[in-house]
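This report concerns only the one structure given below.
The values are calculated or read from the model by the stated rules, or taken from the named source; none is laboratory data. Here the structure is a predicted model, which is why all the values come from computation and not from measurement. Please note: Cβ atoms are built from the backbone with ideal geometry, for glycine as well, and neighbour counts cover all protein chains shown.
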Amino acid sequence: MIKLADIARQPVAIATLIIAGFGLLFMAIGDPARELLQYDREAVLAGEIWRLLTAHLVHLGASHTALNLVALILVFWLLGREFTLGQWAWVSGFAVAMIALGFVWLRPELQWYVGLSGVMHGWLAAGATQRLRRGNKDGLILLGAVLLKGFYEQLAGPLPGSELASGGAVVVDAHWFGTVGGLIGVWSLGLRNRSTAV
């Protein structure tokens with residue numbers, strides 16, 4: 001776990017604060033930022049592909065933003081040291097890509113989406129897997145919890161109270177696609193490490 005005194009010296013911590021800053025900025029701007037940056041299926045298919053990335057930085061409102069940013073800080077605090085900044089970027093790329101592919105190809109009925117929770121599920125899955133690789137048994141508990149939550153949401157829908165807390169509908173497929181992307185990302189990091197060690 002990361003101590004508060006170490007934050008200023010950690011590139012991952014700085015990146016976390018930047019992501020949080022964008023979330024707060026776009027919340028302050030409000031609807032214009034959300035409408036410009038959210039995942040909008042028709043706009044993406046018309047060529048506005050930046051929305052596949054920026055959708056994760058805008059939220060439904062203040063409660064959704066606060067929920068996601070508190071979760072972001074907790075994920076960083078628990079798992080921030082598991083990867084370098086470059087490795088986190090690698091894992092994030094897979095999570096974002098899997099969510100984008102899932103939305104475009106597997107969920108054509110989904111017209112719009114906002115929020116960071118899908119990518120965070122990818123971070124949790126990847127970080128927990130890495131902790132487990134390093135011999136930390138709590139990684140197995142955390143990974144099991146992420147997967148169990150994903151299976152539950154696929155079968156029964158959002159966790160009770162989650163829609164009320166976020167202020168709108170929860171797109172549980174974002175969580176599942178993000179989890180799968182994070183697992184692919186950490187698996188590919190393992191392959192890269194093995195290939196450079198040969």
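Things to note:
- Residue among LEU45, LEU67 that alone is of a type outside the set (Gly, Ala, Ser) and in contact with a Gly (Cβ under 9 Å, 6 or more places away or on another chain): LEU67
- The residue that is farthest from THR84 (Cα to Cα), counting only those in the range 123-157 that are part of a helix (DSSP H, G or I) and charged (D, E, K, R), is GLU153.
- First in the range 142-166 and of a type outside the set (S, T, N, Q), second anywhere and modelled with pLDDT under 95 and exposed (fewer than 13 other Cβ atoms within 10 Å of the Cβ), Cβ under 7 Å, 6 or more apart: GLU163/ALA169
- Per-region count, the range 41-59, residues over 23 Å from GLU82 (Cβ atoms) and either in contact with a helix residue (DSSP H, G or I) (Cβ under 6 Å, 6 or more places away or on another chain) or among the small types (Gly, Ala, Ser) (or both): 10
- Residue among TRP88, TRP77 that is over 14 Å from the mean Cα position of the chain (by Cα) and of a type in the set (A, V, I, L, M, F, W, C): TRP77
- Meets criteria (over 27 Å from ASP40 (Cβ atoms), among the charged types (D, E, K, R) and exposed (fewer than 15 other Cβ atoms within 10 Å of the Cβ)) for ARG81: no
- Subset tally (residues that are surrounded by fewer than 20 Cβ atoms within 10 Å (Cβ to Cβ) and more than 13 Å from ASP173 (Cβ to Cβ)) for the range 84-129: 10
- Set side by side, the residues LEU60, LEU74, LEU79 differ, and just one is of a type in the set (A, V, I, L, M, F, W, C) and not in a helix (DSSP H, G or I), which is LEU60.
- For LYS137, the requirement of being in contact with a helix residue (DSSP H, G or I) (Cβ under 9 Å, 6 or more places away or on another chain), over 30 Å from LEU36 (Cβ atoms) and touching a residue at least 12 places away in the same chain (Cβ under 8 Å) is not met.
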